[in-house]
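Read through the structure below, which is laid out as structure tokens, and then see the notes.
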Amino acid sequence: MTTLDKHYIDGVWTAGQGGSTFPIMNPATERQIGTVALGTSADVDHAVTAAGRAFASFSRTSKAERLGYLHALQQALADRTEDMAQAISQEMGAPITLSRNAQAGCGPRHTGAFIAALEALEEEYLLPNGDMIRKEPIGVCGLITPWNWPINQIAQKVLPALAVGATCVLKPSEHTPLSAAIFAECVHAAGYPAGVFNLVFGDGAGVGSAMSQHPDIAMMSFTGSTRAGAMVSRDSAESVKRVALELGGKSANLVFADCDLDSCVPASVQRCFLNTGQGCNAPTRMLVERSCYDEVLQLVETAAGKQTVDDPAKEGPHIGPLFDKMQFDRVQKMIQIGLDEGARLLSGGLGRPDGVTTGWFAKPTVFADVTNDMRIAREEIFGPVLSIIPFDTEEDAIRIANDNDYGLAAYVQTGSAERARRVTAQLRAGVVAINGQGAASGSPFGGYKQSGNGREGGTFGLEEYLEVKVMPSIDAMISAGRFTAP
């Protein structure tokens, strides 16, 4: 049993000022593997004070100094990859192969991308009209991250804040504190000054709201549900904070008859089920051209039948459990809704896989003959559930894809480069993958509509944590004799 009874504040692990505890559960065994102390508003005050004090000096560090810290952090994260992978696998159920390569491995990769972005960032430059632009860190940042890709989201928020000279208070999901604690240890090992990075464990109602409402936090960055994102925005409004939100999705995957069906369709099914479908950008709506609909259904049924479900401690390409009973129950409810709505069950269905009696394992499930007004086509299920919708024309496909409250990601499968250009230009989504090729590390990630605002990753991610100051060029004023002394 692991006991996390301290928060990382002002460079040291310190006991909280009250609060309750929360069990850390292994979703594959349904057994408690630890306990985490939940912070309070007093702990938030302590962390914000430390971050504000550190900002006074850290905001004035040179780019070279900040790059040095990032390089040290990248090495620290690489050194702890296996520890991180094991923690994530145990606390949220990601299979160890996925946890090692994608979950934990994204930490060093994102750090490298932010190092490149910071190296290229112009922190001071002239406008064509001769005025000077200075980009300066915004201040103390409040960061709230989810359980499904814990280190990915921590890295996408903490790294850009520290890269530009801002300071931060992180509230990771209370469900995945083990990986967050390792990340804090990596920051400490990298030698960052005390108070630059602070971590307060807690839930949304206690620590999250206290951060959003705190008058000394200059911006909030939140990843999670659209409902919770709206609450962060409301809480932040009183102090007119900057708010960046990365929220839900119901991503459409447009499959045209001219694509390589034999490769694109199985890959699309695997992508939907990745991380047990617990991804905001998962391609959970497959829109299929009617002329190849029957062939695609056969390919999907075969691919879904090959998707194994197994113990996350085992190596391999299988998927693991959903992260807790609440999510399992929600997925079961949505599968039942799909059946009640009249969708045709092509694969999977209700309950656990055959022979499984323990753990929050769900059957990889596919519905065919779905219409876009069904709840399974409109609501984010966050599980291994795929809905297949037929379409007749390219215009029809684009209309269906855009007919949703979300706009995070979209996927296009076509053999025509011209169609790819034409269709992607009309999709209302922040990220579009084409024939299985998505965006690389360092590219912006974020969505339209109720999928949020702002972007994470690379230069766009750095900009979220910067203020813009305009002033006359002092060098030009000196040349013009506007000063009486050097």
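The residues in region 307-317 that are surrounded by fewer than 20 Cβ atoms within 10 Å (Cβ to Cβ) and farther than 13 Å from PRO353 by Cα can be counted, and the count is 5.
Please enumerate the residues belonging to region 79-92 that are within 20 Å of the chain's Cα centre (by Cα) and without any contact (Cβ under 8 Å) to a residue 40 or more places away in the chain. Walk me through it before giving the result.
Residues of region 79-92 within 20 Å of the chain's Cα centre (by Cα): 81, 84-92.
Across region 79-92, the qualifying residues are THR81, ALA85, GLN86.
Within region 325-353, the residues that satisfy the criterion of being among the charged types (D, E, K, R) and over 23 Å from ASN372 (Cβ atoms) are LYS325, ASP329, ARG352.
State all residues of region 56-89 that are of a type outside the set (D, E, K, R), part of a helix (DSSP H, G or I) and either within 30 Å of GLN32 (Cβ to Cβ) or in contact with a strand residue (DSSP E or B) (Cβ under 9 Å, 6 or more places away or on another chain) (or both); if no residue qualifies, say none.
First, the residues of region 56-89 that are of a type outside the set (D, E, K, R): 56-59, 61-62, 64, 67-78, 81, 84-89.
If we keep only those that are part of a helix (DSSP H, G or I) too, we end up with 56-58, 64, 67-78, 81, 84-89.
Within region 56-89, PHE58, ALA76, LEU77, THR81, MET84, ALA85, GLN86, ALA87, ILE88, SER89 meet the criteria.
Residues considered: THR49, THR29. Of these, the only one that is in a loop (DSSP other than H, G, I, E, B), surrounded by fewer than 23 Cβ atoms within 10 Å (Cβ to Cβ) and either without any contact (Cβ under 8 Å) to a residue 12 or more places away in the chain or out of contact with any Pro (no Cβ under 8 Å at 6 or more places or on another chain) (or both) is THR29. Scanning region 90-106 for residues that are surrounded by 23 or more Cβ atoms within 10 Å (Cβ to Cβ) and in a helix (DSSP H, G or I) returns GLN90, GLU91, MET92, LEU98, SER99, GLN103, ALA104.
Taking the residues in region 204-253 that are acidic (Asp, Glu) and assigned to a loop (DSSP other than H, G, I, E, B) as candidates, determine which candidate is farthest from GLY457 (Cα to Cα). Steps first, please.
Residues of region 204-253 acidic (Asp, Glu): 216, 235, 238, 246.
Those still in the list that are assigned to a loop (DSSP other than H, G, I, E, B) too: 216, 238.
Numbers: ASP216: 25, GLU238: 28 Å.
The qualifying residue farthest from GLY457 (Cα to Cα) is GLU238.
If a residue counts only when it is of a type in the set (S, T, N, Q) and closer than 25 Å to ALA102 by Cβ, which helices (runs of 4 or more DSSP H) contained entirely in region 259-375 have at least 2 such residues?
It comes to 261-273.
Residues of region 107-134 that are part of a helix (DSSP H, G or I) and of a type in the set (Asp, Glu): GLU119 alone.
Only residues that are surrounded by fewer than 17 Cβ atoms within 10 Å (Cβ to Cβ) and of a type in the set (Val, Ile, Thr) were counted across region 224-274, and they come to 1. Every condition in (1) assigned to a strand (DSSP E or B); (2) farther than 26 Å from GLY204 by Cβ is met by HIS7 except one, and the failing one is (2).
Given the criteria under 19 Å from the mean Cα position of the chain (by Cα), surrounded by 19 or more Cβ atoms within 10 Å (Cβ to Cβ), polar (S, T, N, Q) and over 30 Å from GLN307 (Cα atoms), does SER221 qualify? Yes.
Please verify whether region 408-426 includes one or more residues that are free of Cβ contacts under 8 Å to residues at least 60 places away in the same chain, of a type in the set (A, V, I, L, M, F, W, C), crowded, with 16+ Cβ neighbours inside 10 Å and not assigned by TED's automatic domain parsing to the domain that holds THR226.
From region 408-426, those free of Cβ contacts under 8 Å to residues at least 60 places away in the same chain are 417-418, 420-422, 424-426; that's our starting set.
Remaining after also requiring of a type in the set (A, V, I, L, M, F, W, C): 417, 420, 425.
From what's left, crowded, with 16+ Cβ neighbours inside 10 Å: 420.
Checking the rest, the ones that are also not assigned by TED's automatic domain parsing to the domain that holds THR226 come to 420.
For region 408-426, residues free of Cβ contacts under 8 Å to residues at least 60 places away in the same chain, of a type in the set (A, V, I, L, M, F, W, C), crowded, with 16+ Cβ neighbours inside 10 Å and not assigned by TED's automatic domain parsing to the domain that holds THR226: present.
The values are calculated or read from the model by the stated rules, or taken from the named source; none is laboratory data. This structure is a prediction, so every number in the text was calculated from the model and none was measured. All Cβ positions, even for glycine, are placed from backbone atoms using ideal geometry, and neighbour counts span all protein chains on display.
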